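First the structure, in the form of structure tokens, and then the observations on it.
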Amino acid sequence: MKFSICPFVLIAIFALIALPANSYNNDEVLSQQSPLDVHDVSSEERKIIEDCELPDKSKPTGEIRVVAELRGRAISKPKPIYPNEAKKSKVSGAVKVDVVIDEKGRVIWAKAVNGEPMLQEASRKAACRARYSPTIISGRAVKTQTIIRYNFVLP
């Protein structure tokens, strides 16, 4: 019996091996792209973003489904601005942000749970600007809680 591998399978395997890890997982590799401008959204969205960005906002209460992986897809996931102080100090690394996403896919609460302190605020603010398609469970949209991970890499 002769064994052969389809060329497309070889290309796919090579792509997974050759690509950096951040290209195919949930990490965000940061570049010089600018984050979402709050002025580019509706007044309701702007209010939700500004409310989410409040530093000591309490976590929402009520029914929130904790999910390891969102069933809704990211519609917009702006990259955080790399803080100048962190760049000068050559600080890099991953930051995990705990988020609550409402029934419409908007991040309504965010808190950095680990990572370099100099990078946490930028990560939290970027997470507040992310948008997802709604998570549907048993035929209805639900609030969800998950982790967004940002990976800061020095240029």
Filter pass, residue 143 being within 13 Å of the chain's Cα centre (by Cα) and either surrounded by fewer than 21 Cβ atoms within 10 Å (Cβ to Cβ) or over 14 Å from residue 78 (Cβ atoms) (or both): no
Which numbered condition residue 99 fails, given (1) of a type outside the set (Ser, Thr, Tyr); (2) more than 27 Å from residue 155 (Cα to Cα); (3) without any contact (Cβ under 8 Å) to a residue 24 or more places away in the chain: (3)
Among residues of the stretch 142-155, those that are touching a Gly at 6+ places or on another chain (Cβ under 8 Å) and among the hydrophobic types (A, V, I, L, M, F, W, C), counted: 1
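Yes or no, residue by residue, for (1) crowded, with 16+ Cβ neighbours inside 10 Å; (2) charged (D, E, K, R); (3) not in a loop (DSSP other than H, G, I, E, B):
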| position | (1), (2), (3) |
| --- | --- |
| 44 | no, yes, yes |
| 51 | no, yes, yes |
| 56 | no, yes, no |
| 68 | no, no, no |
| 78 | yes, no, no |
| 107 | yes, no, yes |
| 113 | no, no, yes |
| 120 | yes, no, yes |
Qualifying residue in the stretch 125-132 (condition: in contact (Cβ under 8 Å) with a residue 12 or more places away in the chain and surrounded by fewer than 18 Cβ atoms within 10 Å (Cβ to Cβ)): no
In the stretch 131-155, the residues that are closer than 24 Å to residue 85 by Cα and not in a strand (DSSP E or B): 153, 154, 155
Residue within the stretch 88-105 that is assigned to a helix (DSSP H, G or I) and either surrounded by fewer than 15 Cβ atoms within 10 Å (Cβ to Cβ) or at pLDDT below 95 (or both) present: yes
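The values are calculated or read from the model by the stated rules, or taken from the named source; none is laboratory data. Quick caveat: nothing in here was measured; it's all calculated off a predicted structure. Don't worry about glycine lacking a Cβ; one is built from the backbone with ideal geometry, like all the others, and counts go over all protein chains shown.
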